[in-house]
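Colleague: Right, I'll just put the structure down here and ask away after.
The values are calculated or read from the model by the stated rules, or taken from the named source; none is laboratory data. Everything numeric here is computed off the predicted structure, so don't read it as measured data. Note that each Cβ is placed from the backbone with ideal geometry, even for glycine, and that neighbours are counted across all protein chains shown. These accessible areas exclude ligands, DNA and RNA; they are computed on the full protein's heavy atoms, side chains included. Shrake-Rupley method; radii C 1.70, N 1.55, O 1.52, S 1.80 Å.
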Amino acid sequence: PSMCRSRVKTLGAATSRSSVSLTTSFPTDTLVGKRFDQVARVIAARAALQEERQVFFVPLGGWDTHSSLKDSVDNNFRNMNSALTAFETEMKAQNAWQNTILITVSDFGRTYAPNGAGTVRPASHSPIGLHIMLCDTRTPD
């Protein structure tokens, strides 16, 4: 446990906004934008952190909607698109995009029929979900 706390403190100090500068402005008005900004900072500090392989988990909630589905999903996609666009731009600036893979994961899918507030429809959750993988398809030099 103490080693874990020490590692977290080291990560925090090495990747603070003042110690790592990025060339890309992230949408820090959204939680997902802030999270991708932090991931980009940790990746930028990979040499100082002596990290060869890094794995990050960036959660984005707000998908389990039972009303206002279109507005909620549109807003989530807009926020995710802004954050991912900034992240791709920054990874290219860091010359790290060709070594980056982004994968979406969900614990459930949705059917097309909404499950409105107070309405019980057992088919609202679906075992089929959309998964996306983004990466540079070129072979690294």
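Colleague: Ranked highest first by average number of other Cβ atoms within 10 Å, how do 37-44, 97-104, 81-88, 51-58 line up?
Modeller: In descending order of packing, they fall as 37-44, 81-88, 97-104, 51-58.
Colleague: Under a 1.4 angstrom probe, counting protein chains only, how are SER67, SER25 ranked by accessible area, largest first?
Modeller: Reading off the accessible areas and sorting them downward yields SER25, SER67.
Colleague: Could you please state how large a percent of the accessible area of region 23-112 is carbon and sulfur, counting protein chains only and using a 1.4 Å probe?
Modeller: 52 percent
Colleague: Starting from the Cα of THR85, step 7 Å along the direction of its Cβ; do the same at LEU69; then give the gap between the two resulting points in nm.
Modeller: Distance between the two pseudo-spin positions: 2.7 nm.
Colleague: Would you pull out the residues with amide H under 5 Å of SER19's amide H, same chain only if 5 or more places away, H placed 1.01 Å from N?
Modeller: Placed amide hydrogens put nothing under 5 Å from SER19.
Colleague: Give me the number: length gained by fully extending GLU51 to CYS135, i.e. 0.36 nm times residue separation minus the C-alpha to C-alpha distance, one decimal in nm.
Modeller: 28.2 nm
Colleague: Along Cα→Cβ, 7 Å out, is where each label goes; now give me the distance between the ones at SER25 and PHE77 in nm to one decimal.
Modeller: Label-label distance for SER25 and PHE77, simple model: 2.6 nm.
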